[in-house]
Amino acid sequence: MNGSIFINTEALEQTYLPRLLPYREEQHKYLAECIKPLFNRRSGTNLLITGAPGIGKTTCVRFILRKLMEETENIMPIYINCWKRDTSPKIINEIARLSDIKTLEKISSDELFDRIILRLNRYDGVVFAFDEIDRVKDFDFLYRILEDVSHKTIFLVTNLSEWVAKMDRRLISRLLLDRLEFKPYNYEETRGILYERRKYAFVPDCWDYDAFEIVIRKTFTSKDIRVGLFLMKNAGENAESRGSEKIEVKDVEKALKKLEDLPKDITNFV
Ligand SMILES: Nc1ncnc2c1ncn2[C@@H]1O[C@H](COP(=O)(O)OP(=O)(O)O)[C@@H](O)[C@H]1O
Ligand SMILES: [Mg+2]
C-alpha cells in the first residue's frame, strides 16, 4: 500500500473548527445579533444556549468568536470550557491568561480580577462564552463580570436544558438571559456534515459507498456528530491496519463494536 488513506486526521478531532458551518446559519445569525451592540460600546444580549451533545453548540460559538477576532481588534472574545475550569479562581486565571495579564508575584483572585477589569474595559466590548457552564461549582466570577465589565455579551452553553432552573434566582434576574435551543440534525444534514468532513480527512475515493452509509445512519440515530467522527477515524485505522486502500463495511462494523464498548458520553474519546 502506498501511504495513508488519511490526509488530515485533525479534521476528525472534536476540537477541529471547520471553515464552514452549514445548517447553523440561523443560530449563527442570532449569536451575531447578540454581539452587535458591542460595536457601539453598548452591552449586548446574554444568551443561554442549550441542546443535546454533539450538535454544534460549541462549534457555533467558537465559529463566531473566530469571525469576530478576524473582523476587529476592539472586541475581546473570551472562550472558557468550564468542564476543565470549574471554579471561580480557575476561571479568573484563565481569563487573565487570555487577556495577556502576567503576574510574577502571587496575588489574590480579587486583585487579579481588578487587573483583568482594567484591561478588559479598554476594549469597546467583551464577549464571554462559558461552555459546559453546568460544571461550574460557584458563580463569583459571573457576578463580578456582571458588575464590573462595562460592555459585554455573555453566552452560557449547556447540554442540560433543565440546568438553568437550579441557578440562583438573583443571578438569573441580573443576566436577563435570552434562550436559544439547538435541535439535532436531520438525516440529510448529518450526511452533509460527514461528507464535508470526509473531504478534508481522507484521500478521495477511499470509502466504500455502503460502508459510509452505515456511518451516516449510526450518526443520525445517535443524534451526535461525534459518533460519526469516531467511526470515520476508527474505520479508517482498521482499513489501514489490514493494508487496504479502501474502507469497507467490515472496517465500520469493527468500529461500531468499539463504539459500543465506550462510555455513553464519548466526549473524551473522539
Ligand atoms: N454544522 C456543522 N458543520 C460542520 N461540523 C459540525 C457542525 N455541527 C457540528 N459539527 C461537528 O460536530 C462535532 C460536535 O460538535 P460540537 O460543537 O462539539 O457539539 P456540542 O457542543 O453541541 O456538543 C464537532 O467536531 C463539530 O465540528
Ligand atoms: Mg460542546
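Helix 209-222 versus the longest principal axis of the chain: what angle, 0 to 90°, nearest 10, using Cα atoms?
40 degrees
How many lysine pairs are close in the range 185-261, with Cα atoms under 16 Å apart and the two 8 or more places apart or on different chains?
The result is 14.
Where does helix 249-261 land angle-wise versus the long Cα axis of the chain, in degrees 0 to 90, nearest 10?
So the helix axis and the longest Cα principal axis differ by about 40 degrees.
Let me check I have the definition right: for the chain, take the eigenvalues of the Cα gyration tensor, multiply each by 5, take square roots. What are those semi-axes in whole Å, largest first?
Those come to 39, 19, 18 Å.
For a protection proxy built on the mean count of beta-carbon atoms within 10 angstrom, sort 10-20, 91-101 highest first, please.
91-101, 10-20
How high is the relative contact order of the chain, given as a whole-number percent (alpha carbon pairs under 8 Å, six or more residues apart)?
27 percent
Total Lys pairs in the range 25-181 closer than 25 Å by alpha-carbon, pairs eight or more apart in sequence or interchain only?
29
Could you work out the relative contact order of the range 1-109, using alpha carbon pairs under 8 angstrom and six or more residues apart, expressed as a whole percent?
After rounding, I find 17 percent.
Got a sec to turn the phi values of the range 69-84 into Karplus ³J(HN,Hα) couplings, 6.51 cos²θ - 1.76 cosθ + 1.60 with θ = phi - 60°, whole Hz, x for Gly and Pro?
Once θ is set to phi - 60°, the couplings for the range 69-84 become 5, 6, 8, 8, 9, 8, 10, 9, x, 10, 10, 10, 8, 7, 6, 7 Hz.
Let me have the relative contact order for the range 37-170, percent, based on Cα pairs under 8 Å that are six or more residues apart.
Once divided by the residue count of the range 37-170, the mean separation gives 39 percent.
With just the Cα atoms defining each centre, how far is the range 123-147 from the range 1-74? Give it in Å.
Spelled out, the Cα-based centre of one part sits 18 Å from the other.
Ranked highest first by average number of other Cβ atoms within 10 Å, how do 223-236, 42-55, 167-180 line up?
223-236, 42-55, 167-180
Can you work out D for the range 10-103 in µm² s⁻¹ from Stokes-Einstein, where Rh is the Kirkwood radius over C-alpha pairs, the temperature is 20 °C and the viscosity is 1.002 mPa s?
Result for D is 143 µm²/s.
Laboratory data are not the source of any read-out in this text; all were calculated from the coordinates shown. As the structure is a computational prediction, the values presented were derived from the model and not from experiment. Positions of Cβ are generated from backbone atoms using ideal geometry, with glycine treated the same way; all protein chains shown enter the neighbour counts.
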